[in-house]
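Some notes on the structure that comes next.
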Protein chains: 2
Amino acid sequence: MAVETKARKFLNNPADLVAESLAGLAAAHPDLLRYDAAAKIVVSKGAPKQGKVALISGGGSGHEPLHGGFVGIGMLDAACPGEVFTSPVPDQMLAATKAVDGGAGVVHIVKNYTGDVLNFKMAAEDAADDGIKVTSIVIDDDVAVQDSLYTAGRRGVGATVLAEKIAGAAAAGGADLATVSDTVKRVNERARSFGVALSSCIPPASGKPIFDLPEGQVELGIGIHGEPGRRRESLGSASDVVDVMVEAVLSDLKPAKGARLLAFVNGMGGTPLIELYLLYHEVDRKLRAAGLEPVRNLIGSYITSLEMAGASLTVLELDDELIRLWDAPVHTPALRWGI
Amino acid sequence: MAVETKARKFLNNPADLVAESLAGLAAAHPDLLRYDAAAKIVVSKGAPKQGKVALISGGGSGHEPLHGGFVGIGMLDAACPGEVFTSPVPDQMLAATKAVDGGAGVVHIVKNYTGDVLNFKMAAEDAADDGIKVTSIVIDDDVAVQDSLYTAGRRGVGATVLAEKIAGAAAAGGADLATVSDTVKRVNERARSFGVALSSCIPPASGKPIFDLPEGQVELGIGIHGEPGRRRESLGSASDVVDVMVEAVLSDLKPAKGARLLAFVNGMGGTPLIELYLLYHEVDRKLRAAGLEPVRNLIGSYITSLEMAGASLTVLELDDELIRLWDAPVHTPALRWGI
């Protein structure tokens, strides 16, 4: 097969990347989910479950495992993947909503990007016309910038993963639509994120970096589609970088003294685990030095930007119920415990 | 802190990377393991467990989560991390062996690199002098090349992860030293691997790529330290690359018609999950087309080469017992299910 190879990527036809990757996800995890190629949605094998509130999310691809990798038991019931960095369309969201509705209603978890918000809104209205109860919660945890390339207000990033896990546990435990929706809202309100990049990602269709970032520079406050951050500067030590991340997050979140936190150190796709744990070492120390208690953590590449080198920090202020829901069993391709 | 920043990496002093990253691992997972900074070993919190055969492994760092990320319950009891791409010393291995011995003996799982093999041999002799029963199994699953930069015979790569999980389950289930050792051997004998690279990794101490691989080229048969492979050629489609990987592995393994397989698509550190699932899609199809049954799989970056872009395929021919042991509960930072 003749392919114009672009960048350092495994690809067939770049236009088929998303569909082929999702087919691979389904082939690998037939016990958990199926990929409906016609509707372009990933659906939990157990859906619809009568009487259970269902959760769906979606957005542009290129952020894997988000969202398809979080479909399964105790997290999402379906995901709507768009093309790379492109919003899914309302038809996908409507199909997913119908596929998972078990009569108790469906929660749409929407990252705050203009296209996603508009399309999920249309899908929710169409679903309501079909008699399905839908609530829609927008995630906007990124403190880096107010309004940016694809967003009015703050962008939605790492808190999405935490909201999907925690609200997914609430739904699995039998909570009603209002409670599950409120759980998503609470996670969003109690979480803040800040990301940094050391390189640009390279969208497969163009084969070209989105932005130019010379070696030795860091973009502070980057988005997950290469949207500009707060500023660019010479890359200092990991400790320096974490100082910026922790300060940005805590000054906005303003957690109570002694607050119990979940600290989520997320890789952007091209940064290896040895560096993420180095970052976590700094994060853990600096949070404790600030009089806070990181009692839960998540470290790995869970909301990525293709092969971008970089990382983000998300801090969630916990309470007893959020801890209980975080610890509850989950079984998805990307996040699993207790099952 | 003034740091000479090198490449696109999060670093403090490069000389401290391994120790700081391991301290981060321990800070994140105090329920599972501790990092003994003096002895330079990672030890399961539950070790030593009287009457249980213990498993240890080790090798150069830069391959995370291997091995420290596999210490916990149902897998490794301890890991001995060397500096980046540098064998640990016998003192580390001896300290780990003593720390985990519960009287039933200790199995050393050794990737076939000359330094690792020699140092583990010395440690095993010293441990025997101290009255500890030790067996040592060398993993050499990489079919790409016979003898290479750091190895006499074949290199040990992806099968190491599978052997640690499967033999760890045998040990957790109460198997004796001979049985656990035999389980490691069986996994090694029934597994084959082949890796490819799209970029070089960059060791933090030098800040320079190990080898030069122009964009649009692929190194077929790469090792996990940038050791040369079989050949270099223009990068074709993902399907073409997987053809080479599958052919290399199957022609050597020669599985029985209809054999049940575990297919492990591993990322080298800089390749994102969307591409790994694209590769798995190809692997799954091609194995089935060859009359084989991929009944288990593992997809992710589990044995890496810093931030190298690339992937490897490991195929393990299963039987009922290996399936049972693979499915058994495991709880480590990097691999977890059933607990």
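The values are calculated or read from the model by the stated rules, or taken from the named source; none is laboratory data. In this text, all values refer to a predicted model and were calculated from it rather than measured experimentally. Counting neighbours? That spans all protein chains shown, and the Cβs are built from the backbone with ideal geometry, glycine included. Just the protein is used for accessible areas: all its heavy atoms, side chains included, with ligands, DNA and RNA removed. Shrake-Rupley method; radii C 1.70, N 1.55, O 1.52, S 1.80 Å.
Candidates are the residues of the range A:151-176 that are more than 16 Å from the chain's Cα centre (by Cα) and in contact (Cβ under 8 Å) with a residue 60 or more places away in the chain; the one that is most open to solvent (accessible area, probe 1.4 Å) is A:176. Look at residue B:146 and say whether it is within 13 Å of chain A (Cβ to nearest Cβ), open to solvent by 10 Å² or more (accessible area, probe 1.4 Å), out of contact with any helix residue (DSSP H, G or I) (no Cβ under 7 Å at 6 or more places or on another chain) and free of Cβ contacts under 8 Å to residues at least 24 places away in the same chain. In short, no.
Within the range B:89-107, being within 20 Å of residue B:163 (Cα to Cα) and either within 17 Å of the chain's Cα centre (by Cα) or not β-branched (Val, Ile, Thr) (or both) holds for B:93, B:96, B:101, B:104, B:105, B:107.
When you go through B:279, B:306 one by one, which is the residue that is in contact with a Cys (Cβ under 9 Å, 6 or more places away or on another chain), among the hydrophobic types (A, V, I, L, M, F, W, C) and either surrounded by fewer than 24 Cβ atoms within 10 Å (Cβ to Cβ) or at the interface with chain A (Cβ under 8 Å from one of its Cβ atoms) (or both)? Can you show your working first?
On the way: B:279 fails: in contact with a Cys (Cβ under 9 Å, 6 or more places away or on another chain).
The match here is B:306.
Among residues that are under 22 Å from residue A:318 (Cβ atoms), assigned to a helix (DSSP H, G or I), modelled with pLDDT of 95 or more and of a type outside the set (S, T, N, Q), residue A:257 is not included.
Being in contact with a strand residue (DSSP E or B) (Cβ under 8 Å, 6 or more places away or on another chain), crowded, with 23+ Cβ neighbours inside 10 Å and within 25 Å of residue B:36 (Cα to Cα) narrows it down to one residue among B:134, B:117; which is it? So that I can check it myself, show each step before the final result.
Working: B:117 fails: crowded, with 23+ Cβ neighbours inside 10 Å.
On inspection, the qualifying residue turns out to be B:134.
Going by the conditions given, is residue A:100 open to solvent by less than 50 Å² (accessible area, probe 1.4 Å) and in contact with a His (Cβ under 7 Å, 6 or more places away or on another chain)?
no
Being assigned by TED's automatic domain parsing to the domain that holds residue A:108, of a type in the set (Asp, Glu) and free of Cβ contacts under 8 Å to residues at least 12 places away in the same chain: is that true of residue A:182 here? In short, yes.
Quick one: how many residues across the range B:236-254 are assigned to a loop (DSSP other than H, G, I, E, B), within 23 Å of residue B:278 (Cα to Cα) and open to solvent by 10 Å² or more (accessible area, probe 1.4 Å)? Working first, answer last.
At the first step, the residues of the range B:236-254 found to be assigned to a loop (DSSP other than H, G, I, E, B) are B:236-237, B:254.
Next, from what is left, pick out any that are within 23 Å of residue B:278 (Cα to Cα): B:236-237.
When the remaining residues are screened for being open to solvent by 10 Å² or more (accessible area, probe 1.4 Å), the result is B:236.
Qualifying residue count, the range B:236-254: 1.
Just one of the numbered conditions (1) more than 18 Å from residue A:163 (Cβ to Cβ); (2) open to solvent by less than 30 Å² (accessible area, probe 1.4 Å) is not true of residue A:262: (1).
Evaluating residue A:151 against the criteria (1) modelled with pLDDT of 95 or more; (2) in contact with a helix residue (DSSP H, G or I) (Cβ under 9 Å, 6 or more places away or on another chain) leaves one unmet condition, (1). What do you reckon, is residue B:294 within 14 Å of chain A (Cβ to nearest Cβ), under 28 Å from residue B:28 (Cβ atoms), out of contact with any Cys (no Cβ under 9 Å at 6 or more places or on another chain) and not in a helix (DSSP H, G or I)? No, not satisfied.
For a quick check of your reading: which strands (runs of 3 or more DSSP E) sit entirely within the range A:77-179 and have at least 2 residues that are polar (S, T, N, Q)? Can you show your working first?
Working: elements: A:78-84, A:106-111, A:134-139.
Where strands (runs of 3 or more DSSP E) fall fully within the range A:77-179 and carry at least 2 residues being polar (S, T, N, Q), they are A:134-139.
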